[in-house]
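First up is the structure itself, then whatever we jot down about it.
Throughout, read-outs are computed from the coordinates displayed, never taken from laboratory work. Worth saying up front: this structure is predicted, and the values here are computed from it rather than measured.
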Amino acid sequence: MNSRTEDPSIRMGIVPEPSATFWINWFLAAMAGEIAGHALNHVYFHRSGRVIVALMLCLLAMSILQGATRRLQRTIFWSAAFLLNLLGAVLAETTDISMGIGDIGAIVLIAILLIFSFVICYRLTGNLPGPTDGSNVRGFFWVTALLAQTAASACADWITDPGGPPERLAIAVIALGTAATIGVYSCTRMPRSILFWPAFVLSGTLAALAGHVVLKSIA
């Protein structure tokens with residue numbers, strides 16, 4: 001009886017099964033995080049350093065809690081997912097404005113850090129960070145996810161800027177890329193760690209753009 005109650009948590013791994021429901025929920029969490037992140041930046045941007053540290057500590061606590069207990073796994077994961085998306089939105093804008101490198105500069109810098117996270121994880125564990133159940137990649141997964149969502153938020157900021165690419169074209173390309181990647185993920189046997197991250201970044205960018213649309217409608 002006990003093994004039956006534990007099986008769902010064991011199967012879940014670091015993230016819930018990446019089904020259509022997972023991607024819809026992630027999209028909503030990313031959109032909500034983007035909206036909350038921009039609201040937080042407007043109120044506390046002069047204290048962004050403290051805000052970032054506080055959010056990072058909360059995310060660290062949630063990731064440790066997820067690995068330490070098998071109870072309320074989905075609640076813990078989605079709470080951490082919202083925090084991650086909120087932190088990603090704050091980091092993207094802070095990197096852009098505080099460092100004075102613009103949206104493209106922020107995207108390039110974050111992309112370099114993201115590549116480093118993949119390389120370091122592979123060199124130390126022999127695996128790419130992905131939605132797997134393994135304590136040796138759990139920390140790398142959350143770091144990589146944070147960098148990936150920060151890059152997605154920075155891409156959304158660039159697209160919505162006046163000097164960015166045509167917004168409708170960018171949204172169409174991202175939406176098609178997201179659908180294609182998720183389709184390949186669901187219908188083929190390609191390595192999940194390889195397909196997961198393009199889908200993650202594309203869907204995160206689309207969700208961040210949706211967050212911008214909501215913010216514009218409110219303003």
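Expressed as a rounded percentage, what relative contact order does region 84-219 have, with Cα pairs under 8 Å and six or more residues apart? Let's see the in-between values first.
On the way: 146 pairs, mean separation 37.0, N = 136.
Relative contact order of region 84-219: 27 percent.
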Run lengths n ≥ 4 of DSSP H only: what is the helix-derived mean residue ellipticity at 222 nm for the chain, with -39500 (n - 2.57) per run over all residues, to the nearest 500? -29000 deg cm²/dmol
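With the convex hull built on the Cα atoms of the chain, state its orientation-averaged projected area in nm². Present the calculation step by step, with values, prior to reporting the outcome.
On the way: hull surface 51.0 nm².
That works out to 12.8 nm², a quarter of the Cα hull's surface.
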Given N residues in region 85-148, what is Rg(Cα) / (2.2 N^0.38 Å)? 1.23
P(r) tail for region 20-140, what percent of Cα pairs lie past 23 Å? 39
Over the Cα atoms of region 180-219 the radius of gyration and the largest Cα-Cα distance (Dmax), both in Å, equal 13.8, 45
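At 0.36 nm per residue, minus the direct Cα-Cα distance, what do Ala54 and Ile24 gain on full extension? Give it in nm, one decimal, please.
Details: separation 30, 0.36 × 30 = 10.80 nm, distance 2.75 nm.
In short, 8.0 nm is gained.
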Would you compute the Debye intensity of region 120-219 from its alpha-carbon atoms alone, equal scatterers and no solvent, and pass along log10 I(q)/I(0) at q = 0.13, 0.22 Å⁻¹ to two decimals? -0.54, -1.10
